[in-house]
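Everything on this sheet refers to the single structure shown next.
Readers should treat all values here as calculations from the given coordinates under stated rules, not as data from a laboratory. From a predicted model like this one, the values you see are computed outputs, not experimental measurements. Cβ coordinates were reconstructed from backbone atoms using ideal geometry, including for glycine residues, and neighbour counts include every protein chain displayed.
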Amino acid sequence: MVKNGYTKNMNGCEKFKQFVKSFIIICSLCSFTISLAQQTKDTVPVCKIKDFPDLFRKKDSVHLAKPPKNNFLILIPLIASQPATGFLYGAIGQYTFKPKQEHARYSSATISGSYTTKKQLLINAKNNLVLNDNKVYLAGDWRFYIFSQDNYGLGSDIIPPPYRDQDFDLESLAQPMTYKYFKFHQTLSYGFFKDFYIGGGIHLDGYSDINDSYLNVANEQYTAHYLYSKKHGYSDTKYYVDGLSFNLVYDSRDNQVNANHGWYGNINYRVNPSFINNQATSTVLYTEYNYYVPLSKRNLQHVLAFWAYGQFLISGNLPYLNLPSIGWDPSSRGGKGYTQGLFRGQNIAYFESEYRFPITCNQLISGTVFANFTSTSDKDRDIRIFQYIQPSCGVGLRILIDKASRTNFVFNYAWGRHSKAFYLNAGETF
């Protein structure tokens with residue numbers, strides 16, 4: 001048996017109603033934020049921009065001429081809370097820099113280490129670098145985790161629709177698991193045209209010492225991970241997914257750290273051959289799109305931002321933990337409002353809209369309101385992408401810590417269905 005399994009069948013009318021409700025929530029929020037921006041954009045006075053270090057500088061020093069600043073290092077404590085980790089304590093360092101060329105863009109490299117109240121060790125290193133006069137684009141995501149996480153099965157139908165969820169308890173579906181995770185994803189692309197890059201990458205994922213806490217085969221007490229692994233021919237204690245990719249990138253953002261206008265697109269097609277680590281052959285398509293709309297010519301901090309990404313299993317199979325899931329995107333910032341790994345499937349589609357606005361005239365403090373939705377599939381149960389959609393929304397506060405690179409210290413609080421969480425980090429969500 002599977003622990004407290006939950007399967008729902010909905011007729012076409014009910015599915016349509018669920019989609020419409022989710023769509024209305026997101027559209028209403030976007031309409032409200034655009035209206036608010038239009039009302040305020042022409043009345044905001046022009047003030048001198050001030051960041052957090054300016055508060056501790058002597059007043060006379062503010063008027064002294066200084067050479068342009070092309071690099072910035074931030075070291076901050078990291079405190080956060082979400083269902084997947086509990087309380088998280090650690091530190092994060094982010095180095096932001098811009099080459100000396102006149103039209104060069106800012107690049108950033110981040111490393112963080114943290115320990116959680118659930119006895120997890122998380123080490124992350126990420127890079128987004130634009131070098132050689134904007135001709136070379138590097139994007140990397142490296143991780144080592146000693147991790148524990150609850151699994152909830154596949155498909156985004158695990159949370160029932162509102163009219164049927166009065167007695168629903170999300171934790172009743174949780175299946176605890178511990179494992180070690182190693183990830184090395186690095187792409188390198190070369191600019192052939194303005195803002196357009198072509199390249200490739202290497203992708204290594206390893207999962208070991210997997211322990212399903214609830215699993216008891218002798219008593220026929222099974223988990224979603226165990227049943228999926230046995231059905232598709234994977235070990236339930238360790239597996240690897242290694243491959244190579246072809247990469248297309250378009251990036252016209254004015255600032256990678258905190259964009260005010262422009263757009264970013266990425267298409268990554270990965271091939272995982274069978275001769276490496278005895279893995280099964282598979283192909284995976286990852287697509288991502290960011291778009292930034294300035295809402296005021298007077299104050300560029302009024303921005304409506306959109307983020308969409310999808311990961312799709314084109315052929316073959318992937319082991320359970322390598323299937324795309326919420327919160328496991330390259331930035332690890334998707335799915336605010338839901339615990340990491342809650343929605344998982346062979347395919348995932350994610351959309352988020354965010355309105356960013358200044359609170360103080362000097363832009364030291366700013367805010368955001370946002371909404372998102374997630375949909376995942378489960379081919380084994382014939383659950384298709386977009387058949388079930390799960391929305392969430394939230395608010396955020398920003399403190400400007402470096403005005404040259406527009407780096408913010410970010411606080412977000414989000415509400416999902418039967419779930420909520422807050423997040424602290426440096427730099428925007430997307």
For the stretch 218-371, what is the largest minus smallest coordinate of the Cα atoms on each principal axis, given in angstrom and ordered from greatest to least?
65, 38, 20
Along the stretch 85-94, Karplus-curve 3J(HN,Hα) (6.51, -1.76, 1.60; θ = phi - 60°) to the nearest Hz, with x for Gly and Pro, reads 10, x, 6, 10, 10, x, 8, 9, x, 10
Quick check: Cα centre of the stretch 133-193 to Cα centre of the stretch 215-290, how many Å?
9
Pop out the ³J(HN,Hα) list for the stretch 110-121 in order, Karplus 6.51 cos²θ - 1.76 cosθ + 1.60 with θ = phi - 60°, rounded to Hz; leave Gly and Pro as x.
10, 9, 9, x, 8, 10, 10, 5, 9, 6, 9, 10
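Relative to 2.2 N^0.38 Å, what does the C-alpha radius of gyration of the stretch 301-430 come to as a ratio? Two decimals please. Provide the component values of the computation, followed by the final result.
Details: Rg = 16.3 Å, N = 130, 2.2 N^0.38 = 14.0 Å.
My calculation over the Cα atoms of the stretch 301-430 gives 1.16.
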Please report the spacing between the Cα centers of the stretch 305-323 and the stretch 89-123 in Å, no decimals.
25
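Taking other Cβ within 10 Å of each residue's Cβ, how do Glu354, Glu288, Glu102 sort, fewest first? If you can, show how the numbers build up before the last one.
Details: Glu354 25, Glu288 20, Glu102 6.
By the 10 Å Cβ count, ascending: Glu102, Glu288, Glu354.
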For Ser296, other-chain or 5+-apart residues with amide H closer than 5 Å (H placed, Pro excluded) are His302
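Restricting to Cα pairs below 8 Å that are 6+ residues apart, what does the relative contact order work out to for the stretch 287-400? Please round to a whole percent.
On the way: 249 pairs, mean separation 25.5, N = 114.
Computed over the stretch 287-400, the figure is 22 percent.
Between beta-carbons, use under 14 Å as the cut-off and find the net charge around Asp380, counting Lys and Arg +1, Asp and Glu -1. Please list the in-between numbers first.
Values: positive: Lys230, Lys231, Arg344, Lys379, Arg381, Arg384; negative: Asp157, Asp378, Asp382.
So the environment of Asp380 carries a net charge of +3.
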Rough spin-label spacing in nm, given labels placed 7 Å along Cα→Cβ, for His232 and Phe56:
4.9
Separation between the Phe87 and Asn127 pseudo-spin-labels, each 7 Å from Cα along Cα→Cβ, expressed in nm?
3.6
Of Lys119/Lys420; Lys238/Lys420; Lys180/Lys231; Lys98/Lys194; Lys194/Lys336, which sit over 28 Å apart, Cα to Cα?
Lys238/Lys420; Lys194/Lys336
How are the C-alpha pair distances of the stretch 110-227 spread across 10 Å bins, as whole percents from the shortest bin up?
11, 26, 26, 21, 12, 3, 0
For Rg and Dmax of the Cα atoms in Å, one of (i) 22.3, 75; (ii) 28.8, 93; (iii) 25.8, 83 was computed from the structure I shared and the rest are decoys. Which label?
(i)
Sorted by chain and then number, the residues having a modelled amide H within less than 5 Å of the amide H of Ile383, at least 5 places away or on another chain, are Asp378
So who's got an amide H within less than 5 Å of the one on Val136, skipping anything under 5 residues away but keeping other chains? H placed 1.01 Å off N, in plane.
Leu131, Gly191
When Thr360, Thr187 are ranked with the fewest other C-beta atoms within 10 Å first, the list becomes Thr360, Thr187
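Below 8 Å between Cα atoms, with a sequence gap of 6+, how large is the relative contact order for the chain in percent? Walk me through the numbers on the way to the answer.
Working: 1106 pairs, mean separation 66.0, N = 430.
Relative contact order of the chain: 15 percent.
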Go through the stretch 149-158 residue by residue and turn each phi into a ³J(HN,Hα) via Karplus (6.51, -1.76, 1.60, θ = phi - 60°); whole Hz please, and just put x for glycine and proline.
7, 7, 10, 10, x, 9, x, 8, 8, 5
Quick one: net charge around Asp236, please, counting Lys, Arg +1 and Asp, Glu -1 for every other residue with C-beta under 10 Å from its C-beta.
+1
Using only Cα atoms, what Kirkwood radius does the stretch 358-401 have, in angstroms?
13.2
